[in-house]
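The values are calculated or read from the model by the stated rules, or taken from the named source; none is laboratory data. Just so it is clear, the model here is predicted, and its values are computed rather than measured. When we count neighbours, we look across all protein chains shown, and the Cβ atoms used for this are built from the backbone with ideal geometry, even at glycine. For accessibility, only protein heavy atoms count, side chains too; no ligands or nucleic acids. Shrake-Rupley method; radii C 1.70, N 1.55, O 1.52, S 1.80 Å.
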Amino acid sequence: FEIPVPSLDIQKKIAEECKQVDKEVITAIDELSSAEEKLADLLNNISNYEVRLDTLCYVKGGKRIPKGMGYSASVTNHPYLRVSDFKDFSIDESDLHYISEYVFEQIKNYTISSEDVYISIAGTIGLVGIVPPNIDGANLTENAAKMIIKDHNSLIKEYLCLVLSSQKVQSQIEVETKSIGVPKLALHRIESLMIPYVEKTKQEEFVKKAMPYIKTISKAKSIMQHSTSRKQVILEKNLK
């Protein structure tokens, strides 16, 4: 193999810059662990008062692309959200797939609003989050469901998203999926989930407390995820 051998000064420069990336990753790992622990503690102490999910929300499923049809080769007005796009209580828009107007007409009743909360029901089960406003109305995979809040004066979407991610609810989801031996969460089982409930003002206070932890977790994960590509940039920059 032929490898580039720059001057000793350049080698040291590359090593120092890569070492800085490693330091940031180590810091990110510590911050991630701390934030996840604090968020878990917050979630586990929300409220002992619980209500069935279907008293607060309608649960609707997504829809697969019709047989024989596929994704659009270009960007259209109709994003098609997959479970792989679900990330950090939101949507990772780096690799969105789209469908044509024709395909959209076949499944146009299976979209998700930015006022709803999604949950994955197959594959990686139990991922929850909110769709950003810029892709409001995107189509939703059959491997996910949406929860439509009946009364936004009684329940805010951010609170719903957080309580669904709590151990109290995730443990119910785990039991439901294992009990039937099928790796898919049925809509009627989502409806029967018992979720911690408090009045709206307390929901808002809870979300306000949780947001700094969520932002720290998202930032830390991003630093860890992009560390390898950052080192590649350092190499390419210094070996020109």
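Some points to look at:
- A DSSP coil position with no more than 14 other Cβ atoms inside 10 Å describes the following GluC sites (Glu not before Pro) in region 192-240: 199.
- As a calculated quantity, the FRET efficiency between residue 239 and residue 219 at R0 = 35 Å, using C-beta atoms, amounts to about 0.75.
- Out-of-range pairs (alpha-carbon distance over 25 Å; input 108/146; 12/221; 215/240; 13/240; 67/146; 60/87): 12/221; 215/240
- Remark on the chain: hydrodynamic radius 20.3 angstrom, per the Kirkwood mean of 1/r across alpha carbon pairs.
- Here's the list of aspartates and glutamates a cross-link from residue 208 could span, going by alpha-carbon distance under 13 Å and ignoring same-chain residues fewer than 8 apart: 158.
- C-alpha center-to-center spacing [region 200-235, region 98-127] in angstrom: 25 Å
- The chain: angle of helix 8-44 to the longest principal axis, Cα-based, in degrees nearest 10: 20 degrees
- Degrees between helix 167-179 axis and first principal axis of the chain (Cα, 0 to 90, nearest 10): 80 degrees
- Degrees between helix 200-225 axis and first principal axis of the chain (Cα, 0 to 90, nearest 10): 30 degrees
- Placing a pseudo-label 7 Å from each Cα along the Cα-to-Cβ vector at residue 226 and residue 200 gives an inter-label distance of 3.7 nm.
- Largest-first principal axis extents of the Cα set of region 80-185 (Å): 40, 36, 26
- With all protein chains kept in place, the per residue accessible area of the chain amounts to 57 square angstrom at a probe of 1.4 angstrom.
- A viscosity of 0.890 mPa s and a temperature of 25 °C, combined with the Kirkwood radius over C-alpha pairs in the Stokes-Einstein formula, give region 1-52 a diffusion coefficient of 163 µm²/s.
- Each label was represented as a point 7 Å from its Cα along the Cα-to-Cβ direction; for residue 2 and residue 151 these points are 7.4 nm apart.
- What a 1.4 Å probe finds exposed on region 111-240 is 54% carbon and sulfur by accessible area, rounded to a whole percent.
- Of the residues 185, 127, ranked by 1.4 Å probe accessible area with the largest first, the sequence reads 127, 185.
- Whether region 26-71 is rounded, prolate or oblate, judged on the alpha carbon gyration tensor where a/c under 1.5 counts as rounded: oblate
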